[in-house]
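Report on one structure; see the data block that follows.
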Amino acid sequence: MKNVCSVHTHSTMCDGKDPLSEMARAACEAGAVSFGASGHSHTPMPEDEGGVLPRDMTAYREEVLRLREEFAGRMDVLLGIELDNCADVTAEGFDYWIGSAHRLRGPDGELYTVDWDAERLEDCRRGAYGGDGLTMAADYYAEVRRMAELRPTILGHIDLVTKFNEDGGFFDETDSRYRAAALGALHGADPKETLLEINTGAMSRGYRSAPYPALFLLREWRAMGGKIILTADAHSAETVVFGYDQAAELARAAGYERSVILTQGGREERPLEF
């Protein structure tokens, strides 16, 4: 597989299933130009312990740099991090960072995770919002906008709140209120600095049949002059380039002919041809 990178990945150093070495090897065998480790940033949430990087990321950095040497001449290896909206660390010193919102703050002041499971999302919708899924989604997108305004290298799964909503059970994604909130988050991003990912992670884990984000968001991003990157949000070695054909199909539907890959030399635009 050519013209692709795999830079949204999670290993056993956070909540993934395989070691970083196996993830990198799978990416290399798939023909990826580059592999990026993007472990989940530490947060102050006790429930996150064991599923995120420790605050001291020395071992993580050392392992990625070791892999960079191991794969030199065959594939670029990049040191990245997925910085959560509740992180208590920074992205300083990394080759790139993914800015992601996994939680929203409800009207009761509590933090709610939107992608843990459908039951918890329903508890949030009913308990914190009295069943008003549209307001719940709007509060989520307010968090996304705050992250977007920080100008991450990549804006992660911008509409993650739709993970369990393919049947429209939580809110109507065609409603004007919903679309205004989602577009408002997108408009907080700087298309000159930030890449929008087309993310297939929920597909590989059986939660969705299509990548993030929705087509209307991709079309608006293109109208803004923004560029895209294909990512697998891989949590196992076997999914490091999962669903890239479908991601490319979605990109073409939005009018894109090229995507960006990250390398040690910087960003490169490549055709959506594998």
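Any residue that is out of contact with any Gly (no Cβ under 9 Å at 6 or more places or on another chain), of a type outside the set (Asp, Glu), under 28 Å from Met57 (Cβ atoms) and open to solvent by less than 30 Å² (accessible area, probe 1.4 Å) - is there at least one of those in region 115-132? Scanning region 115-132 turns up no residue that is out of contact with any Gly (no Cβ under 9 Å at 6 or more places or on another chain), of a type outside the set (Asp, Glu), under 28 Å from Met57 (Cβ atoms) and open to solvent by less than 30 Å² (accessible area, probe 1.4 Å). Go through region 88-102 and give me each residue that's assigned to a loop (DSSP other than H, G, I, E, B) and buried (at least 19 other Cβ atoms within 10 Å of the Cβ). Of everything in region 88-102, those that are assigned to a loop (DSSP other than H, G, I, E, B) and buried (at least 19 other Cβ atoms within 10 Å of the Cβ) turn out to be Ala91, Phe94, Asp95, Ala101, His102. Answer yes or no: is there a residue in region 245-252 that is of a type in the set (D, E, K, R), at pLDDT 95 or above and closer than 22 Å to Arg25 by Cα. Looking for residues that are of a type in the set (D, E, K, R), at pLDDT 95 or above and closer than 22 Å to Arg25 by Cα, one finds at least one in region 245-252, hence yes.
Looking only at residues of region 3-41 that are farther than 18 Å from Thr231 by Cβ and in contact (Cβ under 8 Å) with a residue 60 or more places away in the chain, we find that the one that is most open to solvent (accessible area, probe 1.4 Å) is Arg25. Taking the residues in region 257-271 that are part of a strand (DSSP E or B) and of a type in the set (Asp, Glu) as candidates, determine which candidate is nearest to Trp221 (Cα to Cα). Among those residues, the one meeting the criterion is Glu269. Looking only at region 158-211, filter to residues that are hydroxyl-bearing (Ser, Thr, Tyr), in a helix (DSSP H, G or I) and more than 14 Å from Val144 (Cα to Cα); which one of those is least open to solvent (accessible area, probe 1.4 Å)? Checking each candidate, the answer is Ser204. Scanning region 225-256 for residues being assigned to a helix (DSSP H, G or I), of a type outside the set (D, E, K, R) and closer than 26 Å to Gly16 by Cβ gives a total of 8.
If we scan region 140-151, do we find a residue that is open to solvent by 50 Å² or more (accessible area, probe 1.4 Å), touching a Gly at 6+ places or on another chain (Cβ under 7 Å), in a helix (DSSP H, G or I) and farther than 29 Å from Ala24 by Cα? Yes, region 140-151 contains a residue that is open to solvent by 50 Å² or more (accessible area, probe 1.4 Å), touching a Gly at 6+ places or on another chain (Cβ under 7 Å), in a helix (DSSP H, G or I) and farther than 29 Å from Ala24 by Cα.
Condition check: closer than 17 Å to His235 by Cα and either among the aromatic types (Phe, Trp, Tyr) or within 19 Å of the chain's Cα centre (by Cα) (or both). Does Phe35 satisfy that? In short, yes. Scanning region 19-77 for residues that are among the charged types (D, E, K, R), outside any loop (DSSP other than H, G, I, E, B) and touching a Cys at 6+ places or on another chain (Cβ under 9 Å) gives Asp48, Asp76.
Whether a residue is within 12 Å of Val161 (Cα to Cα) and touching a Leu at 6+ places or on another chain (Cβ under 9 Å) was assessed, and Leu104 passes this test. Assess whether Asp76 counts as being in contact (Cβ under 8 Å) with a residue 12 or more places away in the chain, more than 24 Å from Phe164 (Cα to Cα) and surrounded by fewer than 15 Cβ atoms within 10 Å (Cβ to Cβ). Against the criterion (in contact (Cβ under 8 Å) with a residue 12 or more places away in the chain, more than 24 Å from Phe164 (Cα to Cα) and surrounded by fewer than 15 Cβ atoms within 10 Å (Cβ to Cβ)), Asp76 does not qualify. Checked against (1) crowded, with 17+ Cβ neighbours inside 10 Å; (2) under 18 Å from the mean Cα position of the chain (by Cα); (3) not in a loop (DSSP other than H, G, I, E, B), Glu220 meets all criteria but (2).
Out of all the residues in region 42-56, is one or more in contact (Cβ under 8 Å) with a residue 24 or more places away in the chain, within 19 Å of Ser6 (Cβ to Cβ), open to solvent by less than 30 Å² (accessible area, probe 1.4 Å) and of a type in the set (S, T, N, Q)? Scanning region 42-56, I find no residue that is in contact (Cβ under 8 Å) with a residue 24 or more places away in the chain, within 19 Å of Ser6 (Cβ to Cβ), open to solvent by less than 30 Å² (accessible area, probe 1.4 Å) and of a type in the set (S, T, N, Q), so the answer is no. Within region 103-132, residues that are touching a residue at least 12 places away in the same chain (Cβ under 8 Å) and assigned to a strand (DSSP E or B) reach partners that are open to solvent by 90 Å² or more (accessible area, probe 1.4 Å) and of a type in the set (Lys, Arg) with beta carbons closer than 6 Å, at six or more positions or on different chains, in the pairs Leu111/Arg105.
The values are calculated or read from the model by the stated rules, or taken from the named source; none is laboratory data. Please read all numbers here as calculations on a predicted model, not as lab measurements. Ideal geometry is used to build each Cβ from the backbone, glycine not excepted, and the neighbour counts take in all protein chains shown. Only protein heavy atoms, including side chains, enter the accessible area calculation; ligands, DNA and RNA are left aside. Shrake-Rupley method; radii C 1.70, N 1.55, O 1.52, S 1.80 Å.
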